[in-house]
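Working notes for the structure below.
The values are calculated or read from the model by the stated rules, or taken from the named source; none is laboratory data. Predicted model, so just to flag it, every value in this text is computed and none were measured. Because the Cβ atoms are built from the backbone with ideal geometry, glycine has one as well, and the counts that use them run over all protein chains shown.
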Amino acid sequence: MKYIGAHVSVSGGVSKAPLEAKRIGAKAFALFTGSSNRWASKPISDEEAEKFRKYCEDGDFTPSQILPHDNFLINLGSPDAQKLEMSRQSFLDEMRRCEQLGLTMLNFHPGSHLKQISPEACLDLIAESINITLEQTTGVTAVIESTAGQGSNLGYEFEQIAHIIDKVEDKTRVGVCVDTCHTFSAGYDLRSEEGYRKTWETFDNTIGASYLRALHLNDDKRELGSRIDRHEEIGKGTLGEDFFIRLVNDPRFDNMPLILETPNMDLWPQEIAWLYSKID
């Protein structure tokens with residue numbers, strides 16, 4: 001079963017997310033459990049958390065179909081001691097919000113060295129940050145997102161993600177979300193049939209297929225290896241329709257969230273319907 005959905009709005013409260021996902025024909029969804037651009041978010045009331053769980057149940061959304069995303073300020077590999085501590089506190093809060101909602105994954109961008117420390121030192125800090133957070137929480141997996149490698153962002157090479165995972169103490173609570181746009185921009189040629197086969201073979205050999213927890217489905221405005229993060233509508237970018245048809249028919253991606261983050265949210269119902277229509 002393919003669980004295709006999108007990163008839906010939580011305007012009016014987190015309990016609105018499963019309702020919006022259902023409205024657009026999604027069988028999975030992503031959300032921010034709080035503000036996407038603040039260090040601290042308003043607490044989720046017990047009543048709101050209960051409504052969220054009820055609406056998820058009513059909409060046939062299980063935790064394995066839901067991929068929360070942390071806020072964009074967090075940098076778990078920050079070279080600045082104060083910002084690193086703020087990031088760790090915020091990440092802990094994000095994970096505890098997931099616990100409160102009964103969710104089992106938290107997706108995040110690994111971090112950036114800001115050209116102030118070495119990439120390896122930054123990767124070590126990211127792993128240390130994950131370990132600190134996992135020690136204080138239960139039941140939620142830290143899901144590392146592959147990046148385009150724009151600026152000083154790490155996580156654009158599978159080896160970098162493998163480095164982080166290698167240093168995470170609880171391997172049962174760490175996973176990976178591959179973003180198709182980011183991965184193509186990072187230089188992995190998912191577009192051609194041979195490139196697609198080779199990319200997933202490299203992922204399996206470098207990270208391990210067992211760590212894959214989710215995909216972000218985005219076409220790319222830029223060319224292969226651009227190292228620029230610019231999402232495009234499905235089939236209208238440099239990845240193209242054939243790639244997405246190949247992906248939705250690949251059994252390796254059954255039973256995990258496949259999440260659209262394409263730029264025009266008004267098109268999400270059509271994009272979701274189109275992707276489902278291409279499954280053999």
Selection from the range 91-114 of residues touching a Leu at 6+ places or on another chain (Cβ under 9 Å) and charged (D, E, K, R) yields Glu94, Arg97
Could you tell me which numbered condition Ala6 fails, if it satisfies all but one of (1) modelled with pLDDT of 95 or more; (2) of a type outside the set (Asp, Glu); (3) surrounded by fewer than 23 Cβ atoms within 10 Å (Cβ to Cβ); (4) in contact with an Asp or Glu (Cβ under 9 Å, 6 or more places away or on another chain)? (3)
Looking across the range 86-136 at residues that are in a loop (DSSP other than H, G, I, E, B) and of a type in the set (A, V, I, L, M), the single one that is nearest to Val178 (Cα to Cα) is Leu103
Name the pairs: first residue in the range 15-33 and farther than 10 Å from Gly59 by Cα, second residue acidic (Asp, Glu) and in a loop (DSSP other than H, G, I, E, B), Cβ to Cβ under 9 Å, at least 6 apart or on different chains? Ala30/Glu261; Phe32/Asp70; Thr33/Asp70
Checked pairs for the range 259-280, first closer than 27 Å to Phe108 by Cβ and modelled with pLDDT of 95 or more, second assigned to a loop (DSSP other than H, G, I, E, B) and among the hydroxyl-bearing types (Ser, Thr, Tyr), C-beta under 9 Å and 6 or more apart or across chains, list as Met265/Ser9; Trp268/Thr262; Glu271/Thr262
For the range 236-259, indicate whether the set of residues that are part of a loop (DSSP other than H, G, I, E, B), in contact with a strand residue (DSSP E or B) (Cβ under 6 Å, 6 or more places away or on another chain) and under 28 Å from Val168 (Cα atoms) is non-empty. yes
In the range 79-128, anything of a type in the set (Gly, Ala, Ser) and in contact with a Gly (Cβ under 7 Å, 6 or more places away or on another chain) is listed as Gly111, Ser112
Among the residues of the range 212-224, are any assigned to a loop (DSSP other than H, G, I, E, B), small (Gly, Ala, Ser) and buried (at least 18 other Cβ atoms within 10 Å of the Cβ)? no
Please give the number of the condition Thr180 fails out of (1) among the polar types (S, T, N, Q); (2) surrounded by fewer than 21 Cβ atoms within 10 Å (Cβ to Cβ); (3) out of contact with any Lys or Arg (no Cβ under 6 Å at 6 or more places or on another chain). (2)
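Table: residues versus (1) among the aromatic types (Phe, Trp, Tyr); (2) over 26 Å from Thr133 (Cα atoms); (3) in contact with a Pro (Cβ under 7 Å, 6 or more places away or on another chain).
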residue: Ser15; (1), (2), (3): no, no, no
residue: Gly25; (1), (2), (3): no, yes, yes
residue: Lys54; (1), (2), (3): no, yes, no
residue: Leu76; (1), (2), (3): no, no, yes
residue: Arg96; (1), (2), (3): no, no, no
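Let's see how each residue does on (1) more than 22 Å from Gln160 (Cβ to Cβ); (2) polar (S, T, N, Q); (3) over 20 Å from the mean Cα position of the chain (by Cα):
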| position | (1), (2), (3) |
| --- | --- |
| Glu193 | yes, no, yes |
| Trp200 | no, no, no |
| Asn218 | no, yes, no |
| Lys236 | yes, no, yes |
Of the residues in the range 16-65, those that are farther than 28 Å from Asp254 by Cβ, modelled with pLDDT of 95 or more and in a loop (DSSP other than H, G, I, E, B) come to Pro43, Ile44, Ser45
Taking the range 142-164 and keeping residues under 21 Å from Asn255 (Cβ atoms) and either crowded, with 23+ Cβ neighbours inside 10 Å or more than 14 Å from the chain's Cα centre (by Cα) (or both) leaves Ala142, Val143, Ile144, Ser146
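Would you point out which residue out of Phe72, Phe52, Phe61, Phe32 is surrounded by fewer than 16 Cβ atoms within 10 Å (Cβ to Cβ) and under 25 Å from Met265 (Cα atoms)?
Phe72
For the range 183-211, which residues satisfy the criterion of being of a type in the set (D, E, K, R) and either in contact (Cβ under 8 Å) with a residue 12 or more places away in the chain or surrounded by 18 or more Cβ atoms within 10 Å (Cβ to Cβ) (or both)?
Across the range 183-211, the qualifying residues are Asp189, Arg191, Glu193.
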